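Read through the structure below, which is laid out as structure tokens, and then see the notes.
The values are calculated or read from the model by the stated rules, or taken from the named source; none is laboratory data. What you see is a predicted model, and the numbers here were worked out from it, not measured in a lab. Cβ sites come from the backbone with ideal geometry, for glycine too, and all protein chains shown count toward neighbours. Surface areas here come from the heavy atoms of the whole protein model, side chains and all, with no ligands, DNA or RNA. Shrake-Rupley method; radii C 1.70, N 1.55, O 1.52, S 1.80 Å.
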Amino acid sequence: MSSSPSQIFLFGGNKPWSATDWTDSDDRVRGGSSYSELTCDPSSPTAVFHGNLDTKTLGGAGFASQRTTGEDRSWDLSSYDGITLDIKKSDGKKYTLILKDELLPKGSNGREQSTVGWDYDFNGGNDGGKVFVHWNDFKATYRGREKKEAQPLDLKHVKRVSLMMRSFFGSQEGDFSLSINSISAFRKGEIRTDEPSPMS
């Protein structure tokens, strides 16, 4: 049996970005006014997550996010040690990478039912660079609140990837833009050029 490569691309790299892989999930579902887009072209190595975070409509709260489409996606990342975000350019704001291993059918109101998400907050820096996120760097949350008693992330069945811009209790708002070369999984054998910046 051949061993897994030291890096596997989920988006970007040898898996070109495609707009059909992503859809918006913004606070408009809760009556907010934020919006987001993920602009990409298969001929370009870079995708741009951008939009506007409004915190006034919901009284200081707000979020704008892009998530992967499809209910039947599943990545087996159990042979890897974490996620690499290769960022080309950032606006210096704080973003969140979210993984999910469970998706539930829509409720009677037509909305998706909430499940535990595994979050990591990061700041790509104005000049970009690589951010390496170990599995134990992710924090289990449920509806935006930490869930300490959650079961471990099922790395054999990662079903959704999301990028989110949050207000972080009113600490940021307005236009945002994050240019990403790729999202990939890494093994310890991969040459690492920097470490993730800790976020409070």
Q: Using a 1.4 Å probe and ignoring any ligands, DNA or RNA, find the accessible area of residue 187 and quote it in Å² to the nearest 10.
A: 80
Q. If you build a Gaussian network model of the chain, linking Cα atoms that sit under 10 Å apart, which residue out of 181, 136, 52 swings the most?
A. 136
(Q) At 0.36 nm per residue, and after removing the present C-alpha to C-alpha distance, how many nm does the segment from residue 155 to residue 188 gain when stretched out fully? (A) 10.3 nm
Q: For region 1-105, give the percent of accessible area contributed by carbon and sulfur heavy atoms, probe 1.4 Å, rounded to a whole number.
A: 50
**Q.** Contact order relative to length of the chain, as percent, for alpha carbon pairs under 8 angstrom and 6 or more apart
**A.** 31
Q) Assuming R0 = 30 Å, what is the FRET efficiency of residue 114 and residue 39, from their Cβ-Cβ distance, to the nearest 0.05? A) 0.60
Q) Here are some values of mean projected area of the Cα convex hull in nm²: (i) 11.1; (ii) 16.7; (iii) 11.8. Which one was computed from this structure? A) (iii)
Q. From the phi of every residue in region 24-39, what ³J(HN,Hα) in whole Hz does the Karplus formula 6.51 cos²θ - 1.76 cosθ + 1.60 yield, where θ is phi - 60° and glycine or proline is x?
A. 7, 8, 10, 6, 5, 5, 10, x, x, 10, 6, 8, 9, 9, 10, 8
Q. Considering the chain as a Gaussian network with a 10 Å cut-off on Cα pairs, which listed residue, 20, 39, 84, attains the greatest mean-square fluctuation?
A. 20
Q.
Given points 7 Å out from each Cα along the Cα-Cβ axis, report the residue 30 to residue 106 separation in nanometres with one decimal.
A. 2.0
Q) So if we plug the beta-carbon distance of residue 142 and residue 15 into 1/(1 + (r/R0)^6) with R0 = 45 Å, what FRET efficiency do we get, rounded to 0.05? A) 0.90
Q.
So for region 1-43, averaging the separation of alpha carbon pairs under 8 Å that are six or more residues apart and normalising by length, what relative contact order in percent results?
A. 35
Q.
Exceeding 23 Å between C-alpha atoms, which entries from my cross-link table qualify? They are 56/130; 56/147; 15/88; 100/148; 93/130; 15/147.
A. 56/130; 56/147; 15/147
**Q.** Choice from 148, 15, 106 showing the highest fluctuation, given a GNM over the chain with Cα pairs closer than 10 Å
**A.** 106
Q: Once you have the Cα-Cα distance between residue 78 and residue 177, take 0.36 nm times their residue separation minus that, and quote the gain in nm to one decimal.
A: 32.5 nm
Q: For region 30-130, give the magnitude of the charge dipole about the Cα centre (Cβ charges: +1 Lys/Arg, -1 Asp/Glu; no others), in debye to the nearest 20.
A: 400
